[in-house]
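What follows is a set of notes on a single structure, which appears directly below.
The values are calculated or read from the model by the stated rules, or taken from the named source; none is laboratory data. Worth saying up front: this structure is predicted, and the values here are computed from it rather than measured. Note: ideal-geometry Cβ built from the backbone for every residue, glycine included; neighbour counts use all protein chains shown. Accessible surface is based on the protein model in full, side chains and every heavy atom, while ligands, DNA and RNA are left aside. Shrake-Rupley method; radii C 1.70, N 1.55, O 1.52, S 1.80 Å.
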Amino acid sequence: MTNATFQVSQVTKRYGVGSTEVTAVRNVSLSVAPGEVVLIMGPSGSGKTTLLLMLGALLKPTTGSIQLNGTVLSALAENRLPDIRLREFGFIFQDFNLLSALTVLENVAIVAELAGLKSRAARQKAAAILTDLGLGERLNFLPEKLSGGEKQRVAIARALVNDPALILADEPTANLDSKIGHEVMRLLRRIAKEQQRSVVIVSHDQRIKDIADRVLWLEDGQFKEVTTMAIDPVCGMSVEQEKAISTEWDGRTFYFCAKGCRDEFMTKPQR
């Protein structure tokens, strides 16, 4: 993949030594381009959490390299990593991890202040992002007054406030119902495309596969299966090529989520 912002090469993570040694992640390679949404799925104990920690520079690999915009993060001294995590990564957690004593605005602005922005500028930037995410009327609310979907949107705003190159999401729909979870993930996909942010999501949630550009299956610490996704040209949804309805037109193959989209396409395919 050309112009990849994020490159993982032959990464392995082992714990223990000798007879107690366990390999949690084994020879994993991954490139993520600007604006691309990658979903990593797999059973419990497959190594997803370990891999995500390494991707976010929270855990060093035993072997292999992790690069962000040409910088080999896995080779940096530990004292250089906190600033990189603050400025280059945006983290979204399943439990939201909002500070209960701070308002919505303060939860986002504090991250910008930690990165060096003055208080007033940080609050202005946080307010603009929150408003864009539909939370303009919730700026002075405490987290306890928010719904689950609103809390996750605050978490997305917090992840975006320092303009990171890469957003990492750990089970972001685990505490949301199906409808709200899907809406939040579609919002994250829109942001990724509009702002050209790279996004990696780790999740068990099969219901959000359609928001991903690629779905990778991690099992026993290795990628076992790659699901190729395509964009339905009518409704804009991502669909698995293997399960989609397809048709040929003008020398190309197009994939559709349903027969209705295929039929609509065929009435005027040149659109």
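Just report the Cα centroid separation between the range 36-55 and the range 82-134, whole Å.
Taking the Cα centre of each part, the range 36-55 and the range 82-134 sit 24 Å apart.
Taking N as the number of residues in the range 1-89, what is its alpha-carbon radius of gyration divided by 2.2 N^0.38 Å?
Normalised by 2.2 N^0.38 Å, the Cα Rg of the range 1-89 equals 1.11.
Kirkwood hydrodynamic radius for the chain: how many Å is it when counted over pairs of different Cα atoms?
19.9
Determine the per residue accessible area of the chain with all protein chains present and a 1.4 angstrom probe, expressed in square angstrom.
Accessible surface, normalised per residue, equals 48 Å².
Within the range 173-253, list the GluC sites (Glu not before Pro) lying in a DSSP loop whose Cβ has at most 12 other Cβ atoms in a 10 Å radius.
The qualifying sites are E242.
Rounded to two decimals, what is Rg over Rh for the range 1-157 when you use alpha-carbon atoms and the Kirkwood radius?
1.03
Once neighbouring chains are kept in place and the probe is 1.4 Å, which whole percent of the accessible area of the chain is contributed by carbon and sulfur? Walk me through the numbers on the way to the answer.
Working: 6450 of 13100 Å².
Carbon and sulfur together cover 49 percent of it.
Expected output is a single nm value to one decimal: the length gained when fully extending between A33 and T71, i.e. 0.36 nm times separation in residues minus the C-alpha distance. What is it? List each step's numbers first, then the result.
Values: separation 38, 0.36 × 38 = 13.68 nm, distance 1.53 nm.
Additional length available on full extension: 12.1 nm.
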